[in-house]
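The structure appears below as C-alpha cells.
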Amino acid sequence: RLQGSAAHAHGTAQAILPVPLEMAQHGLKGIEPKHLDGKGLRIGIVKARWNTTIISKLRDGVVKSLNDHNVTDIVEIEVPGSFELPFGAKHLIDCNKDSIDAVVCLGCLIKGETMHFEYISSAVSQGIMTLGLQTGVPVIFGVLTCLTDAQALARAEGENNHGLAWGSSAVEMALLG
C-alpha cells in the first residue's frame, strides 16, 4: 500500500507495512511460545469422532504439548461430532467437580455444499465459549473450520499441528485460576 496523496504529490511513495517489520520477519500466526509448568493440572480432552484422521492428529498434538508442559493427568472422552462437543465438555466438567482445570474440545468441520457448515460452526463456537464463561473452567476452542480436506490436514500435521497450540493454551488458561 502507498501512503496518502501527499506522498504522491511530492513524488515519493512509501510502502506501509500492515505490521512492524520485525513482526513480519518472525511471522504473525500462532501463539508466542511460553514456558509453562502444568505439573499437577488435570486437563480434559473431548474429541469428535467425525473426521477421525484429522482429530487423531490434533489429539496427538494436544497430548504432546500437555506433556511438554509437565501435564500427566489427562482425561479423554469422545462424542459423535463437533456439535456435541459443548455437551461432552460440560459432562466432563460436571463429572469431575473441582478437579478439571481446563478442557480442550477437538473437532473438524469441512465445508460442504449446504449451509450445514455455517450452522454447526456457529453453534459449536458459541457453545464452547458460553460453557467456559458459565462454569469458570477454561474450555479451549480446538475446532478446525476448513473449506477443504487439504486445509484441515495441513493444520493437523507436523509443526503446523494446531493441537500443539491448543494444549499450551489449556495450560496457560488453567494457570490463571
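The values are calculated or read from the model by the stated rules, or taken from the named source; none is laboratory data. None of the values given here were measured: they were computed from a predicted structure. Reconstructed Cβ throughout: ideal geometry from the backbone, glycine too, with neighbour counts over all protein chains shown. Surface areas here come from the heavy atoms of the whole protein model, side chains and all, with no ligands, DNA or RNA. Shrake-Rupley method; radii C 1.70, N 1.55, O 1.52, S 1.80 Å.
Quick rundown of the values:
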quantity: Pair Glu118, Asp98: separation of 7 Å Cα→Cβ label points (nm); calculated: 4.6 nm
quantity: Solvent-accessible surface ranking, highest first, for Lys57, Lys97 at 1.4 angstrom; calculated: Lys97, Lys57
quantity: Calculated on alpha-carbon atoms, Rg and Dmax of region 77-120 in Å; calculated: 13.0, 43
quantity: Share of Cα-Cα pairs in region 62-177 lying beyond 20 Å, as whole percent; calculated: 42 percent
quantity: Accessible surface, 1.4 Å probe, highest first, among residues Thr114, Thr135, Thr72; calculated: Thr72, Thr114, Thr135
quantity: Under 14 Å, Cβ to Cβ, from Cys105 - net charge with Lys/Arg +1 and Asp/Glu -1; calculated: +1
quantity: For region 33-108, the spread of Cα positions along each principal axis, largest first, Å; calculated: 32, 28, 17
quantity: Which of Arg49, Arg59, Arg155 is most accessible, then next, and so on - probe 1.4 Å; calculated: Arg49, Arg155, Arg59
quantity: Accessible surface, per residue, of region 35-177 when the full set of protein chains is kept, probe 1.4 Å, Å²; calculated: 52 Å²
